[in-house]
Amino acid sequence: AQSVTQLDSHVSVSEGTPVLLRCNYSSSYSPSLFWYVQHPNKGLQLLLKYTSAATLVKGINGFEAEFKKSETSFHLTKPSAHMSDAAEYFCVVTKGGGNKLTFGTGTQLKVEL
Amino acid sequence: GAVVSQHPSRVICKSGTSVKIECRSLDFQATTMFWYRQFPKQSLMLMATSNEGSKATYEQGVEKDKFLINHASLTLSTLTVTSAHPEDSSFYICSAISFSGLALADTQYFGPGTRLTVL
């Protein structure tokens, strides 16, 4: 079985400050982990993925995430938030092989001026 | 690359009617497609998995006679909500996965979703 916990349902940051969205996972297998972003009334867009290669994964739009097996974490970070980053972010885990995804409950990121 | 489209983006129908939603992979062949349902301010719930040319696999609690899925080709899957009722109103999202072509292996690409409102 696998699960993912997003520790914060809402995160608010000021523009230009760092972003940290937390995610912890549980998996009986070597997991693949993803972060997706969903803008209002839009489909989910893949930000980045981890599949047992480098533990520090760089994604689009300046986001990155670090896989830490000892902490079972896959937190998403960005050095400097932009207004356009305001959206819902989902941490997702799957058994290696990319089939059935298990979604976290999402973190709503708000970026203020 | 790796674009998935859905049609329609929004649909409003009367209770008791059936609604068909299409999901297409535009620049890759989707060996497997998935259908999700998302309630307001909630996460995505997997409804079913469909493989081209075979019957869909439904998640526990999803009525297969209510939500008919057809994956007739490697680029098209359809979800038909039969005899729709107001409680079926939701945001339906499809995704597609491929192990070759423009799509990254082991990665699901999502469509933009279809907002269904049943009156």
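Values as computed for the structure displayed
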quantity: Reach of B:K55 by Cα under 13 Å, taken over aspartates and glutamates that are not fewer than 8 positions away in the same chain; calculated: B:D65
quantity: Distance between modelled label sites at B:Q29 and A:T5, nm, 7 Å Cα→Cβ extension; calculated: 4.3 nm
quantity: Note, ³J(HN,Hα) from phi for the range A:19-30, Karplus 6.51, -1.76, 1.60, rounded to Hz, x at Gly and Pro; calculated: 10, 9, 10, 9, 8, 10, 10, 9, 8, 7, 10, 5
quantity: Chain B: Cys lacking any partner C-beta under 4.7 angstrom; calculated: B:C13
quantity: The range A:34-44 - phi-based ³J(HN,Hα) in whole Hz, Karplus 6.51/-1.76/1.60, Gly and Pro as x; calculated: 9, 10, 10, 10, 10, 7, x, 6, 10, x, 6
quantity: Spatially near lysine pairs across chain A, Cα under 20 Å, sequence gap of 8 or more or different chains; calculated: 14
quantity: Length gained when the stretch A:S26-A:L56 is fully extended (0.36 nm per residue, less Cα-Cα span); calculated: 8.9 nm
quantity: Derived scalar couplings ³J(HN,Hα) [the range B:59-71; Karplus, 6.51 cos²θ - 1.76 cosθ + 1.60; whole Hz; x for Gly, Pro]; calculated: 6, 4, x, 9, 7, 5, 7, 8, 10, 8, 10, 10, 10
quantity: Where GluC sites (Glu not before Pro) in DSSP loops with at most 16 other Cβ within 10 Å are excluded, longest remaining stretch of chain A; calculated: A:16-70
quantity: Residue mean of other protein chain beta carbons inside 10 Å, A:99-105; calculated: 5
quantity: Mean separation of Cα contacts under 8 Å, 6 or more apart, over the residue count of chain A: relative contact order %; calculated: 38 percent
quantity: In the range B:1-106, GluC sites (Glu not before Pro) in a DSSP loop with at most 10 other beta-carbon atoms within 10 Å; calculated: B:E63
quantity: Ranked list, fewest to most other Cβ atoms within 10 Å of each Cβ, for A:L48, A:L56, A:L109, A:L21; calculated: A:L56, A:L48, A:L109, A:L21
quantity: Shape category assigned to the range A:1-65 from the gyration tensor of Cα positions, a/c cut at 1.5; calculated: prolate
quantity: Neighbour-count ranking [beta-carbon atoms within 10 angstrom, fewest first] of A:C23, B:C94; calculated: A:C23, B:C94
quantity: Prolate/oblate/rounded call for the protein assembly as shown, Cα gyration tensor, a/c under 1.5 rounded; calculated: prolate
quantity: Sites B:S9 and B:E52, calculated FRET efficiency, Cβ-Cβ separation with R0 30 Å, nearest 0.05; calculated: 0.80
quantity: Cα gyration tensor shape of chain A, rounded if a/c is under 1.5, else prolate or oblate by comparing a/b with b/c; calculated: prolate
quantity: FRET efficiency estimate (nearest 0.05) - Cβ-Cβ, B:Q42 to A:K69, R0 25 angstrom; calculated: 0.30
quantity: Where trypsin sites (Lys or Arg not before Pro) fall in DSSP loop in the range B:1-110, at most 10 other Cβ within 10 Å; calculated: B:K14, B:K41
quantity: Residue order, fewest to most beta carbons within 10 Å, for B:V81, B:V19; calculated: B:V19, B:V81
quantity: Length released on extending from A:H82 to A:K110, taking residue separation times 0.36 nm less the Cα-Cα span; calculated: 9.1 nm
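Quick note: the coordinates plus some simple rules give every number you see, no bench work behind them. Just so we're clear, the structure is a prediction, and the values are computed from it rather than from any experiment. Every residue, glycine among them, receives a Cβ derived from its backbone with ideal geometry; neighbour counts consider all protein chains shown.
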